[in-house]
Amino acid sequence: MNYELGSPIVLLQPDYYIYIGWVIMVVLSAVALTVCWKAKRTWMKLATVLPLLLAWYVFIYGSYIGFYKFEVKHVELVFDDLPPAFDGYKIVQWSDAHVGTLTTERRKQILQTAVDSINAQGADMVAFTGDLQNKSSKEIAPFKKLLGSIKAKDGVFSVLGNHDYPMYYDDAEDDFERYADFGRRCSMDDDMGWRLLRNQHTFIRRGNDRIVIAGMENDGEGRFPELGDIQSTLWGLNTDEFVVMLEHDPSSWRRKILPHSHTQLTLSGHTHAMQFALFGLSPVSMKYKEAWGLYRIGQRAIYVSKGLSGVVPFRFGTPGEIVVITLHRNEK
C-alpha cells in the first residue's frame, strides 16, 4: 500500500507546548494588566481581569490537573440482530494513548491506571482504536511489557491511527528510515499479543453463533491518511453477520461505513473531544458530526472515545476515558 509520505508533519516535544502556554499567558497578562491600569471605569477593569483569571484557571487546571483525570464509562447497547450467544458480551474500548507524551513518572501513571482499569473489567474483548504513538515506534518500546499485560477472554484487537503512520516521524533521516520504523510499529502489536487489523476481519465464536471483528486502516480527510478499504475489510461476509468495526477516524462512519456496509457497531477515537470543553461544549463539534460519545441511526451505532492522552499534555472538561460497552439482544 502506498502511503505517499511527502514532507513529514513536524511535532514539538510535549513539554514544549506547556512552555509555549506559559509564554502566551504571561504576555496576555501583561497586556491585560496594562489595559486595566489605564482603564478609568470599573466595568472595563472587570471586563479585562475576569477573562484573564478564567484563562489562567483553564491553563493551570488543564495542564497540571485535568490531563491526569480519568474515568471509566459504561454503555449498554441493544441490537435486534445480535446473535443470542453474545447477549451480555462485554467490549472494553480505549484509544489515543499517545505514549510519546507520557514522559514523566506522573504521566506514566495514567497508562498504568488505564491498564489496571481495563483488566479489572473482565472483558470478553479489548479494542484499541488507534494512535498508540506520537511520532515513532521508539516511544512504544518502554511500554511494551505494560501494554502486553492487557488481557481479555477473546483477546486484544487494534487498528492504526493517523499518528501510527510514518508521516509524523520528522526525526528520520530519509523515507527509508520512516518506512522501516512503520514496519516496527506494526510488528509491536504482535509482540504485545494484540491482533492488528488492517482492512481485515476475524471471527469470535460462541457455540454455533459468531460475530465479526473488523478493522479498517485510518480513513480520514484532508491531511490525515485515507486508506480505509471497506470492501477488502468485509470481503466475503454475508449481510446477516453482526459486525463490530474498529476505525480510528469517525468521519469515515458517514463517508464509507454507513453507505457501503451493514456494520452495526463502529468504535472510533481521534477527536479527543479536542481535550477541551466548557459547560459540556467543545469546538470539535463544529468539525465532526460524531465528535465524542455514542451516536445511533436506527440499529447502527458509533462510539467515539475521548481517548486517554494526547500530543499536547492538556485536558479541560474532557477527562481521559476507557469505555465498557455491553451488548444486548433485543428479545422483543
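All of the numbers you see were taken from the coordinates with simple rules; none came from a lab. It should be emphasised that the depicted structure is a prediction, and the values quoted were computed from it without experimental measurement. A quick note on method: Cβ atoms are made from the backbone with ideal geometry, for glycine too, and the neighbour counts reach across all protein chains shown.
Values computed for the structure shown
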| quantity | calculated |
| --- | --- |
| Of residues in the stretch 217-267 being among the hydroxyl-bearing types (Ser, Thr, Tyr) and in a loop (DSSP other than H, G, I, E, B), the one nearest to residue 159 (Cα to Cα) | 263 |
| Inter-residue pairs, beta-carbon under 9 Å, first free of Cβ contacts under 8 Å to residues at least 60 places away in the same chain and in a helix (DSSP H, G or I) and in the stretch 16-29, second crowded, with 16+ Cβ neighbours inside 10 Å and not polar (S, T, N, Q), 6+ apart | 22/59; 24/59; 25/52; 25/59; 28/52; 29/52 |
| Filter pass, residue 99 being more than 26 Å from residue 327 (Cβ to Cβ) and buried (at least 21 other Cβ atoms within 10 Å of the Cβ) | yes |
| Candidates 327, 308, filtered to the one that is outside any loop (DSSP other than H, G, I, E, B) and either surrounded by fewer than 18 Cβ atoms within 10 Å (Cβ to Cβ) or of a type outside the set (Val, Ile, Thr) (or both) | 327 |
| Residue in the stretch 137-149 that is part of a loop (DSSP other than H, G, I, E, B), in contact with a helix residue (DSSP H, G or I) (Cβ under 9 Å, 6 or more places away or on another chain) and without any contact (Cβ under 8 Å) to a residue 40 or more places away in the chain present | yes |
| Residue 294 being over 17 Å from the mean Cα position of the chain (by Cα), over 23 Å from residue 17 (Cβ atoms) and aliphatic (A, V, I, L, M) | no |
| Qualifying residue in the stretch 51-58 (condition: under 22 Å from residue 273 (Cβ atoms), small (Gly, Ala, Ser), outside any strand (DSSP E or B) and in contact with a Leu (Cβ under 8 Å, 6 or more places away or on another chain)) | yes |
| In the stretch 274-305, the residues that are at positive phi and either surrounded by fewer than 24 Cβ atoms within 10 Å (Cβ to Cβ) or of a type in the set (Val, Ile, Thr) (or both) | 274, 279, 280, 293, 298 |
